[in-house]
Amino acid sequence: MGLTKDISRLKKLFEEGRIDLLIGYEQATLPHQTMPCFIKSADNLEKLVLSPFMAVNLVHYLNEASGKPGLIIKRCDIPSVIGLIQEGMLARDKIVLIGVVCPGSLDWEKLFRKTGWKAEQTTSVRIDKDKVILECGGQSKQVALADVLMDKCLACDRPVPSEDMVDLLIGDPATAKRIPVTASPAAERIAELEKMSPAQRWAFWKKELQKCIRCYACKNSCPVCYCTRCTVEINNPRWVSPANDWQDNVVYQLMRLDHVAGRCTNCGECTRACPVGIPLNLFTGRLFNTVVESFDFVPGQDPAAKPPTLCFRPDDREDFIK
Amino acid sequence: MDDNQDRWEPRIVSFLCQWCSYNGADLAGSSRMKYPANLRIIRVPCSGRVDPMFVMKALRNGIDGVLISGCHPGDCHYNEGNYNARRKFVILRDLLDFIGVDPARVHFSWVSASEGEKFVEVVKEVTEAVRAAGPNEMFD
């Protein structure tokens, strides 16, 4: 997708010495996949792509980047960067943010379920206004964009980062997602869960967490999980059993959520990374709401704000304390 | 032992701050006040010492109820330990609620060193709530 005219602007960043590493997306083997790429020289900029499959939140890599990194970033991932700035893990002037015009990210599982085609047969996938066009050999198929977008993109109303949040904006504004915003499916499911009795909720999460294989993709992909050593890796004392019993999966997930409370921006990366499809976004969504309501703090919004778990107010709520 | 064969008795673990609630419990004891013997007391330096992991592990290991108690806001020996704890508890409580742990199992209170009577009241209330919630069979 049209990057050619932007390549020269990115090249300039290297030439001016503003960045010595560019983290972005490159095409993977199959058309419905991109993978993170790490470009260290302006000569390799050609492999950079913009695609409707830029689902990965690249902010996580900033935790490990040294030198002067530049990051290709979608609007929805910017709160993750601000979250790290709030935590004092990142300085805004040490990084260059290159915002992209986002066409919306396609959920390839929905895409192939909808078309009935296999991922490996498909030779190209592109978005044309409110349609997605797939090609396979000589054939082509069309599906409605709204049917195959990732859930979080359905509720997205700002596919273009505002100029003051990024150092540079690339991509063609005409390609931004332009279909009507619908209610977030996650918000509806959270409300459903909240209406259930505790026992019903427990049964729901027990069933979900039984699927967990403890691959730790949720914590490894999380942009705001930055500890060099995680509690799950500590074996003296052993806080969380490494066994993947559902009981310990519950403890592990509660621990992970507890540790990211106050900086989780509900970016959805853990859910996307989960190989067994546990709806962690319901939990992070609820956690996000609780932090906003209880501490009057929006994770990932104001870079100068103090994280809510590092401060307090004398009049914090304590209606639950006897 | 209170776990006799005929009648189930709730087992409750409590984390008491050593400056206030632990002394409140001590006062209740030395004043010969009666309160349910279902409590297992663990003394902690401050309610801020209570890692939410303590609660999750206790429940995971089959405890029926948890009580966390510390100094009243403003009375913390370390000035702000209980203020920080309070924020952690908001999150912990919310996580446990959303995953489906009965709120009757996890309790919080502020009890000062002079509040032996309040300690007795809190323990009675907590024990009854946990008794009503029944044995912790969540992790079976």
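The values are calculated or read from the model by the stated rules, or taken from the named source; none is laboratory data. Owing to the predicted nature of the structure, the values given are computational and were not obtained by experimental measurement. Note that we place each Cβ from the backbone using ideal geometry, even for glycine, and neighbour counts take in every protein chain shown. Note: accessible area is taken over every heavy atom of the protein model, side chains too, but ligands, DNA and RNA are not part of it. Shrake-Rupley method; radii C 1.70, N 1.55, O 1.52, S 1.80 Å.
What to note about this one:
- Computed accessible area, A:Thr29, all protein chains, 1.4 angstrom probe, square angstrom: 140 Å²
- Overall shape: prolate for the protein assembly as shown, with the ratio a/c of the largest to smallest alpha carbon gyration tensor axis at 1.5 or above and a/b above b/c.
- Max mean-square fluctuation residue, GNM over chain A, Cα-Cα springs under 10 Å, options A:Cys311, A:Cys264, A:Cys212: A:Cys311
- Within the straight-line cut-off of under 28 Å between alpha carbons, the lysines reachable from B:Lys118 are A:Lys322, B:Lys34, B:Lys57, B:Lys88, sequence neighbours fewer than 8 places apart in one chain being disregarded.
- Among A:Leu30, B:Tyr78, A:Phe288 the positive-end extreme of the charge dipole of the protein assembly as shown (Cβ point charges): A:Leu30
- Comparing mean-square fluctuations of B:Val111, B:Val123, B:Val90 from a GNM of chain B with C-alpha springs under 10 Å, the top value falls on B:Val90.
- On Cα atoms only, tilt of A:185-195 relative to the major axis of chain A in degrees: 10 degrees
- The range B:1-76: C-alpha gyration tensor shape, a/c 1.5 cut-off, then a/b vs b/c: oblate
- Fluctuation leader among A:Ile39, A:Ile19, A:Ile133 - chain A, Gaussian network, Cα springs under 10 angstrom: A:Ile133
- Computed helical MRE - 222 nm, chain B, DSSP H runs ≥ 4 contributing -39500 (n - 2.57), nearest 500: -13000 deg cm²/dmol
- Relative contact order [Cα under 8 Å, 6+ residues apart], the range A:13-166, whole percent: 21 percent
- When each of A:Lys110/A:Lys195; A:Lys152/A:Lys177; A:Lys11/A:Lys94; A:Lys5/A:Lys47 is checked by Cα-Cα distance, pairs over 21 Å: A:Lys110/A:Lys195
- Cα centroid separation, the range A:17-63 to the range A:250-274 (Å): 24 Å
- Chain B, relative contact order in percent, only Cα pairs under 8 angstrom and at least six apart counted: 36 percent
- Å² of accessible area per residue within chain A, as computed with a 1.4 Å probe and no ligands counted: 47 Å²
- Relative contact order (percent, whole number), the range A:82-163, Cα cutoff 8 Å, 6+ residue spacing: 31 percent
- Helix A:4-15 and the longest principal axis of the C-alpha atoms of chain A enclose an angle of approximately 70°.
- Gyration tensor verdict on the range B:35-106 (Cα atoms; rounded if a/c is under 1.5, prolate if a/b is larger than b/c, oblate otherwise): oblate
- Mean-position separation - Cα centroids, the range B:49-65 and the range A:141-190, in angstrom: 41 Å
- As a ratio to 2.2 N^0.38 Å, the alpha-carbon radius of gyration computed for the range A:108-162 takes the value 1.22.
- Rounded to the nearest 100, the interface formed by chains A and B buries 3900 square angstrom of accessible surface, both chains summed, with a 1.4 Å probe.
- Under a model in which nothing but the beta-carbon of Lys, Arg (+1) and Asp, Glu (-1) is charged, the protein assembly as shown shows a dipole of about 680 debye around its Cα centre.
- P(r) for the range A:195-258, from all Cα pairs and a bin width of 10 Å, is 20, 49, 25, 6 %, short bins first.
- The portion of the accessible surface of chain B made up by carbon and sulfur, rounded to a whole percent, is 47 (1.4 Å probe; DNA, RNA and ligands excluded).
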